[in-house]
Amino acid sequence: MKKLLGVIAMVLILGGTALAAGAAGYPDKPVTLLTAFNPGGGSDTVHRLLEKYAKGLMPVPLVIVYKAGAGGELGWTEVAEAKPDGYFIAGVDLPSINLQPMVRKAGTPGYRTEQLLPIANLLIDPNCILVAKNSKWRTFQEFLDYVKKNPGKVKAAIVGKLSGDHTFLLQFEKLTGTKFNIIPYTGGSKVGPALQSGEADCYFGSLSSSFRLENTRILAVGTPERYELAMDAPTLRELGIDLVSIKRRGIVGPQGMAPERVEYLQDLIRKINENPAYIEDMKRIGLLPDYQDAAAFARIISDETATSADILKSVGYKK
């Protein structure tokens, strides 16, 4: 009899636990993570790692979808306008999400930065200047001398117009008195073939691209000090140019999400970031994990908005 009562008690306890989880009800279907760039680029690579390490931590799959175009603006507009139920979230790049609304012409449709609800910061990704390994320029100084002597001739690839890549290049032009022929691409996966074919001569963008793109060489890095994942590459400051340029990537949802769902996703990302295997996988693709919770990420976005406004002013950008 005692044994039977014990079994009944255990069933009731387990049943209560299941009911509590069911009452919360989230997530009870796949969560969609939107990548606002082409498959195979830096954002996609990071999101695939999240997908991999989320397995076993959440009861449903994390499903990756793509909507590339306008330097991420099309995808970020979609998530800003999505139903705020926690089942549609997106990866974002800073400072792109800060810059794009600032430079958009009045009356043009598109998201506003404040429509994107911060969930967590994922990582930092410094900017760099990258060339093909068979490039005529073997050092930064050779590159700089050539660009100065040939204004507008060197074709510089960036990902997205008026993105973090673009402002990095605009700042470089301002500080060095140079001028490039700027070619925007829809994702980092497009840059590699462009460099190898000669369609582009150099790339101003994410250092992590050098880990994915074969036969390339880093000429300079935009970190204050040498970057631990590319110690052989000099910083721009070392080379006499006072320019620091670092991107961040994180996860957002539409405004209006229930706080407990934001907390669930935030904690999921925190747990992934505590996994040593995830950290090593990130470093292998040239990225340093930098988990920040929703509140901290919101502060980062706010600070970056002010910084982006200052950068646009410094390079003389006008709508």
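The values are calculated or read from the model by the stated rules, or taken from the named source; none is laboratory data. Keep in mind it's a predicted model, so treat the numbers as computed, not measured. Here the Cβ is made from the backbone with ideal geometry for all residues, glycine too, and neighbour counts use every protein chain on show. Please note that ligands, DNA and RNA were not included when accessible areas were found on the heavy atoms of the full protein model with its side chains. Shrake-Rupley method; radii C 1.70, N 1.55, O 1.52, S 1.80 Å.
Rounded to the nearest 20 debye, the dipole size of the stretch 109-259 about its Cα centre is 360 debye, using +1 on the Cβ of Lys and Arg and -1 on the Cβ of Asp and Glu. Each Lys and Arg contributes +1 and each Asp and Glu -1, all at the Cβ; summed about the Cα centre of the stretch 118-198, the dipole is approximately 340 debye.
Placing +1 on each Lys and Arg Cβ and -1 on each Asp and Glu Cβ, with no other charges, gives the chain a dipole about its Cα centre of roughly 580 debye. Solvent-free Debye calculation, one equal scatterer per alpha-carbon of the stretch 115-166: log10 I(q)/I(0) at 0.19 Å⁻¹ equals -0.83.
Each of GLY86, LEU130, SER302 was placed along the dipole of the chain (beta-carbon charges, centred on the mean Cα), and the one lying farthest toward the positive end is LEU130.
Think of the chain as having a plus end and a minus end, set by charges on the Cβ of Lys, Arg, Asp and Glu; of PRO184, PHE168, ASN275, PRO184 sits farthest toward the positive end of this dipole. How large a share of the accessible area of the chain, in percent, is made up of carbon and sulfur atoms when the probe is 1.4 Å and the other protein chains stay in place? So the carbon and sulfur contribution to the accessible surface is 56 percent. When the charge dipole of the stretch 215-293 is built from unit charges on Cβ atoms (+1 for Lys and Arg, -1 for Asp and Glu) and taken about the Cα centre, the candidate among LEU243, GLN255, THR216 whose Cα reaches farthest toward its positive end is THR216. For the chain, the share of alpha carbon pairs falling in successive 10 Å distance bins from zero is 6, 26, 32, 20, 9, 4, 2, 1, 0, 0 percent.
Between ASN150 and MET58, the modelled labels are 4.8 nm apart [label points 7 Å from Cα along Cα→Cβ]. For the residue pairs LYS161/LYS190; LYS29/LYS271; LYS67/LYS283; LYS136/LYS179, the alpha carbons lie more than 23 Å apart in LYS67/LYS283.
With a Förster radius of 25 Å applied to the C-beta separation of ALA296 and ALA106, the computed FRET efficiency comes to 0.15. Per-residue ellipticity at 222 nm from helix content only, as computed over the chain with -39500 (n - 2.57) for each DSSP H run of at least four residues, stands at -13000 deg cm²/dmol. Extension gain, GLU142 to THR32: 0.36 nm times the residue separation minus the Cα-Cα distance gives 35.0 nm. A full extension of the chain between GLU280 and LYS83 corresponds to an added length of 67.4 nm, given 0.36 nm per residue minus the alpha carbon distance. Between ILE183 and LYS133, the simple spin-label model (points 7 angstrom out along Cα→Cβ) gives 2.1 nm.
Summarising the strand pairing of the chain, around 60 percent of its internal DSSP beta bridges are antiparallel.
Looking at the stretch 174-222, the accessible area is 39 square angstrom per residue; that uses a 1.4 Å probe and ignores ligands, DNA and RNA.
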